[in-house]
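To keep things clear, I will list the structure first and then write my remarks on it.
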Amino acid sequence: MNKKHIIIATALIFGVTMSSCTKETVTEKGEQKQKNKEAIIAPYTANMAETAIIYEVNVRQFSPEGTFAAVTKEISNIKKLGVKILWLMPIHPIGEEKRQDDLGSYYSIKDYRKINPEFGTADDLKALIAEAHKNGIYVVLDWVANQTAWDHIWMKTNPEFYEKNDKDEFVSPKNQSDVVTLDYDNPALRKAMIAEMKYWLDEFKIDGFHCAMADKIPTEFWTEAKQELTSMREIFMLGQTEEPELLKAGVFDAAYGWELYHIMNDIAKGKKNVSAIDLYLDSIQYKWEQDDYKMLFTTNHNENSRVGTEYERMGDAVEIFAALTYALPSVPLIYNGQEEDFNRRLKLFEKDSIDRNPTAKMRGIYEKLGELKITNEAFNGGKNAGTYERIKTSDDKAILAFKRQKNNTEAYFIGNLSKTNKEVILPINGTFKNFMKGDELKLEADQKLSLKPWQYYILVQK
């Protein structure tokens, strides 16, 4: 080979090598760019719950369209409420066999890996999730693990997945004849259910689950599921339960605040007073671990539809109890429509849309409470919540006063939980910002503070 040929050969070798390097670099950059595009929200961690607000979406009733696309359009408005976690009620196809209503119950699952066509397509759901992530909101799916529809494929392929009675008949949960109960003594069912849950984490990049009727399923299953589902990344797990053992086992991040919910209803009706809240909060230290926390609410889909709206149950006390769910150590819940002053029971099994109200009072209240939750660390409500200290007053049966603190940040809640005007003396000195109104309030220990029925203050440092 002469000198000329050597130069050409060398150039060709280097050209190919350079071309390969360039191609590889471009490919790597493209892959990284794609990963960055997908990772438009930081992975969920337990610290996120400190300032979290949950918004529950009933997709069918959220809009006249009743679709994922309609929810997607409202994400920016949901964000204004300070929402960090979007909980979608069950999105799966609804069973037809033994269906009791025209549209059927969301909680009668026909296929865990498919989407109810009335809500839209898989791409529509992915677009909703992407828009939520773009706005800093995590998305969790409602998961119904204790039962399926009678026409779920497992009834044919794996009948051993289901419970049977002494007559070898399949059984339904109490008052739910449209569904059939699963048998968690079967290890194969446990494995199959975990695979169904993992599908949504992998394929749709959801951020966790709200687990319906969580305490109806053995804790051992949830422990096994949590280990499997969180092997690659942390997720948010909300259990529909008020059983401490499910949090002690490290399975669920948050439980339901059912007990406080019922106490608030009873106080609004005059059946109980603030002493009931004191007893409840005192009992937590004996029942729950220090880093356990609850989701607090004044309504949700079941209570709204079956028991009554918050206005039916609480009347003029709606706002103060909404504020209390934010002020106490907790993750508060907004059920879609509460921000619209919506005062009607939404039907669960028929089409029945929320009425939108552009002048809604509660939208402004929830936006302000959201700002408080996000910006004031004293109101952190997760595993590292701000401390709670009860403040004694001259009328502790009617007045709830407490101090929240984290690091050097302090704040106070003072509320009249009664139907009558009150004048109260509190051992608080200082000049504070009345957070909800923006004005100042000066308190002296020997000074009387006048409070109208259901009036409250959230006082923060100036």
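The values are calculated or read from the model by the stated rules, or taken from the named source; none is laboratory data. These figures come from a predicted structure and were not determined experimentally. Glycine also receives a Cβ, built like all others from the backbone with ideal geometry; neighbour counts cover every protein chain displayed. Accessible surface is based on the protein model in full, side chains and every heavy atom, while ligands, DNA and RNA are left aside. Shrake-Rupley method; radii C 1.70, N 1.55, O 1.52, S 1.80 Å.
Couple of notes before you dig in:
- Cα-Cα separations in the range 222-271 greater than 18 Å, expressed as whole percent: 44 percent
- Taking only the alpha carbons of the range 98-146, we obtain Rg and Dmax values of 13.3, 41 Å in that order.
- The range 285-336 versus the range 112-191: alpha-carbon centroid distance in Å: 27 Å
- What a 1.4 Å probe finds exposed on the chain is 50% carbon and sulfur by accessible area, rounded to a whole percent.
- Accessible area (Å², 1.4 Å probe, nearest 10) - M314: 10 Å²
- Above-threshold pairs, the threshold being 23 Å between Cα atoms, out of K80/K406; K271/K452; K272/K368; K110/K167: K80/K406; K272/K368; K110/K167
- Largest-first ordering by accessible area, 1.4 Å probe, given options S275, S231: S231, S275
- Shape box of the range 359-423 [Cα atoms, principal axes, largest first, Å]: 36, 33, 18
- Largest-first principal axis extents of the Cα set of the range 58-184 (Å): 55, 29, 25
- Cα-Cα over 19 Å, subset of K79/K433; K79/K347; K191/K248; K442/K462: K79/K433; K79/K347; K191/K248
- Extents of the chain, taken as max minus min of Cα coordinates on every principal axis and listed largest first, are 105, 72, 44 Å.
- Of the whole protein surface, R356 contributes about 100 Å² of accessible area at a 1.4 Å probe radius.
- In the full protein context, the chain carries 46 Å² of accessible surface per residue, based on a 1.4 Å probe and ignoring ligands, DNA and RNA.
- The range 364-387-the range 433-462 distance, computed between alpha-carbon centres (Å): 18 Å
- Helix axis angle, 122-134 relative to the chain longest principal axis, alpha carbon, degrees: 60 degrees
- With at most 11 other Cβ atoms within 10 Å, longest stretch of the chain clear of loop GluC sites (Glu not before Pro) (DSSP): 170-349
- A simple count of charges around K392, restricted to other residues whose Cβ falls under 14 Å of its Cβ and scoring Lys, Arg +1 and Asp, Glu -1, yields -2.
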